[in-house]
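Here's the structure we're looking at; comments come further down.
The values are calculated or read from the model by the stated rules, or taken from the named source; none is laboratory data. Source: prediction; values computed, not measured. We place every Cβ from the backbone using ideal geometry, glycine too, and count neighbours over all the protein chains shown.
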Amino acid sequence: MLTLDLTNAPRWHDLAPGVRVQLRPLTTALMVATRSDPAVEAVPEEASDEERAVAFAKALARRAVLAWDGIGDSDGKPIGPSPEAIDALLDVWPIFEAFQLTYVSKGLLLEQEKNASAPSPNGPSAGASATAKPAKRRARTARRG
């Protein structure tokens, strides 16, 4: 069963010990806007999947991050989220991975659920698996009459 969260309220996500971000819900509108982000569209055709993933994650985070705790500048003073700071945050590998796992992949789980319960192919037994054990040897021909 698909459970809908009708509140659409922002949520806090822990990305590392002492580091958390408040993110907008991952909605269709947010994903569509991110796909048409100039930084995503500027990724060259020959770019690797990894380069595309980083560009998309940064563009998504720039739209989704509302607030954060536990992030500071080089002097240790707390700073607020800005496009440059969000990009720098996602340049930290463990943070990037946590963002992908706790936020982006949650939106993809529905796609996996859909694929896990795909309908059977056409026909009464097309999706059935065999339950009989294979024969040990060939059967003899039946006697006639």
Which residue out of A64, A47 is under 21 Å from the mean Cα position of the chain (by Cα) and surrounded by 15 or more Cβ atoms within 10 Å (Cβ to Cβ)?
A64
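Being among the aliphatic types (A, V, I, L, M), free of Cβ contacts under 8 Å to residues at least 12 places away in the same chain and not in a loop (DSSP other than H, G, I, E, B) is the requirement here; does A88 meet it?
Values: among the aliphatic types (A, V, I, L, M): yes; free of Cβ contacts under 8 Å to residues at least 12 places away in the same chain: yes; not in a loop (DSSP other than H, G, I, E, B): yes.
When the stated conditions are applied, A88 passes them.
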Residues of region 1-28 being out of contact with any strand residue (DSSP E or B) (no Cβ under 9 Å at 6 or more places or on another chain), among the hydrophobic types (A, V, I, L, M, F, W, C) and within 12 Å of L60 (Cβ to Cβ), in sequence order, are L26
If I95 satisfies every condition in (1) at pLDDT below 95; (2) crowded, with 17+ Cβ neighbours inside 10 Å; (3) touching a strand residue (DSSP E or B) at 6+ places or on another chain (Cβ under 6 Å); (4) β-branched (V, I, T) but one, which is the exception?
(1)
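In the set L60, L90, L66, L101, which member is of a type outside the set (D, E, K, R) and in contact with a Lys or Arg (Cβ under 6 Å, 6 or more places away or on another chain)? Write out each step before concluding.
Values: L60 fails: in contact with a Lys or Arg (Cβ under 6 Å, 6 or more places away or on another chain); L66 fails: in contact with a Lys or Arg (Cβ under 6 Å, 6 or more places away or on another chain); L101 fails: in contact with a Lys or Arg (Cβ under 6 Å, 6 or more places away or on another chain).
Unique residue meeting the criteria: L90.
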Looking at region 14-36, which of its residues are surrounded by 14 or more Cβ atoms within 10 Å (Cβ to Cβ) and of a type in the set (K, R)?
R20, R24
All but one of (1) in contact with an Asp or Glu (Cβ under 6 Å, 6 or more places away or on another chain); (2) closer than 24 Å to L4 by Cβ hold for I79, so report the exception by its number.
(2)
Looking at K133, K58, K106 in this structure, which one is of a type in the set (K, R) and at pLDDT 95 or above?
K58
